[in-house]
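Trainee: Take this structure first; my questions come after.
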Amino acid sequence: MRICSERLQIRTQGKGTYEISDQVQAAVSKCQIEAGTVTMFVQHTSCSLLMMENAAPAARRDLERFFDRLVPENGQDYEHDDEGPDDMPAHIRMALTRTSETIPIVSGKLQLGTWQGIFLFEHRRASHTRRVWLTIIGE
Amino acid sequence: MRICSERLQIRTQGKGTYEISDQVQAAVSKCQIEAGTVTMFVQHTSCSLLMMENAAPAARRDLERFFDRLVPENGQDYEHDDEGPDDMPAHIRMALTRTSETIPIVSGKLQLGTWQGIFLFEHRRASHTRRVWLTIIGE
Amino acid sequence: MRICSERLQIRTQGKGTYEISDQVQAAVSKCQIEAGTVTMFVQHTSCSLLMMENAAPAARRDLERFFDRLVPENGQDYEHDDEGPDDMPAHIRMALTRTSETIPIVSGKLQLGTWQGIFLFEHRRASHTRRVWLTIIGE
């Protein structure tokens, strides 16, 4: 049993979902761990992780619109708006989705379902460089 | 320290919550790991994991009704509806709950709270066979 | 590789967010694990874990108000209300946030982002003593 750490840097171009499945698989392969788990951890509170259908882009657009309606940028009276109207909605959308996620590894491969992808869910309008820590534990 | 993997197959009969605590405990016992963690991972994007009160069925009915209202099958104009009106709401309800969950093991037992159960939360109307990967790490 | 378990007891004084980052770091330091992960697990279904901005208290107040509106204590007709009007909303707010969360450890330190804190999110009005299991795996 051993541990391997990797840090991904993801460049985002405003609100939306960015698939990172290939980068996570590449990190697992680089660590040469055949059986175990990879834990992903987002070091931010205004973006999050999302496991989602990765075949139909329309599904992700619907999901993004749902979050836009559920946590609107206007129409709510937020006390905290230091960084603009997308500041507080970003924190709430993060809280409603995930910060860490753990995926099994078998024979060196992430055990994702057929249409299941890993996404970084960016909640801010501006471009950001986002850090995702990967901790791979196994043998 | 060692790793043990098990795959549960859960047969669902339409939308609702299905308790799997006993199956998870049985897999932990079979692996004979006394101290560590079990990580559960759902290989789907239209069902999810739910930790929930397992004594009062009314609590789960209320929770299911809440999600029916929050993410309605009609009344929203979803772009993605290839598989019917429950297709897109299923993905959104999954995103709002959990895909992976990690539970501690002490003396070979899951450290669940007194009224805490593990549930598969099925979001589709039709019957499905759902796969949940368990990765048990410990000694 | 080894495993270390610790159990935190958190005294809450009604609904709100209680930062526990320091207690989690103290447990990690006590276990003397330099590289690995800490998994937190809440043994309750009426409080939850929340990763959140820890600099601006206004951000947490906004988030708490959002959940009060999204899952109101009145105005919905809950079937399950054995323990009062905050009973069922507590379970739903728990389901929408997190029960377990896994954070990387590097050089003995939690790899939290600059403004990222770990909070216990209490959903009940009365005071409670809440248990959070920590499982620290690493070397």
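The values are calculated or read from the model by the stated rules, or taken from the named source; none is laboratory data. These numbers come from a predicted model, not from an experiment. As a convention, Cβ positions derive from the backbone with ideal geometry for all residues, glycine included, and neighbour counts pool all protein chains shown. Side chains included, ligands, DNA and RNA excluded: accessible areas come from the protein's heavy atoms. Shrake-Rupley method; radii C 1.70, N 1.55, O 1.52, S 1.80 Å.
Trainee: Rounded to the nearest 500, what is chain C's calculated 222 nm mean residue ellipticity when only DSSP H runs of at least 4 contribute -39500 (n - 2.57) each, over all residues?
Mentor: Calculated mean residue ellipticity at 222 nm is -8000 deg cm²/dmol.
Trainee: Going from most exposed to least, what order do B:His123, B:His128 have by accessible area with a 1.4 Å probe?
Mentor: Descending order: B:His128, B:His123.
Trainee: Decide, for the stretch B:46-108, between rounded, prolate and oblate: order the square roots of the alpha carbon gyration tensor eigenvalues as a ≥ b ≥ c, take rounded if a/c falls under 1.5, and otherwise choose prolate if a/b is larger than b/c, else oblate.
Mentor: Oblate, because a/c is 1.5 or more while a/b does not exceed b/c.
Trainee: I'd like the distance between the alpha-carbon centres of the stretch B:7-38 and the stretch C:1-65, rounded to an integer number of Å.
Mentor: Here the answer is 26 Å between Cα centres.
Trainee: Among C:Thr37, C:Thr102, C:Thr129, whose mean-square fluctuation peaks in a Gaussian network model of chain C (Cα, cutoff 10 Å)?
Mentor: C:Thr129
Trainee: Then there's this: Among all the lysines, which ones have a C-alpha under 22 Å from B:Lys109's C-alpha, if same-chain residues fewer than 8 places away are not counted?
Mentor: Here the lysines satisfying the reach criterion relative to B:Lys109 are B:Lys30.
Trainee: Placing the label point 7 Å from Cα along the Cα-to-Cβ direction, what are the distances from C:Gly84 to the equivalent spots in the other copies, shortest first, in nm to one decimal?
Mentor: Inter-copy label distances (nm, one decimal, shortest first): 4.3, 4.3.
Trainee: Remind me, relative contact order of chain C in percent, using alpha carbon pairs under 8 angstrom and six or more residues apart?
Mentor: 57
Trainee: Counting Lys and Arg as +1 and Asp and Glu as -1, each charge on the Cβ, what is the dipole of chain B about the Cα centre in debye, to the nearest 20?
Mentor: Roughly 500 debye for chain B.
Trainee: How far, in nm to one decimal, is C:Pro72 from itself in the other copies if the label point is set 7 angstrom along Cα toward Cβ? Shortest first, please.
Mentor: 1.6, 1.6
Trainee: What average number of partner chain Cβ atoms lie no more than 10 Å from the Cβ of the residues making up B:40-52?
Mentor: Mean shielding by partner chains, rounded to a whole number: 6.
Trainee: Calculate the length of the line joining the C-alpha centroid of the stretch C:112-139 to that of the stretch B:66-118, in whole Å.
Mentor: One Cα centre to the other: 22 Å.
Trainee: Between B and C, which B residue has the Cβ nearest their rotation axis, distance in Å?
Mentor: B:Met1, 3
Trainee: Okay, moving on. Leaving ligands, DNA and RNA out of it, work out the accessible area of C:Ile20 with a 1.4 Å probe and give it in Å² to the nearest 10.
Mentor: Accessible area of C:Ile20: about 0 Å².
Trainee: Counting partner chain Cβ atoms within 10 Å of every residue's Cβ in C:57-66, what's the average?
Mentor: If you average over the peptide's residues, the count of other-chain Cβ atoms is 6.
Trainee: Something else about it: Which value, in Å² and to the nearest 10, is the accessible area of A:Trp115 when all protein chains are kept and the probe is 1.4 Å?
Mentor: Result for A:Trp115: roughly 150 Å² accessible.
Trainee: Another question, then. Got the A:Arg131 label distances to the other copies yet, label 7 Å along Cα→Cβ, in nm, shortest first?
Mentor: Its label point is 3.5, 3.5 nm from the equivalent points in the other copies.
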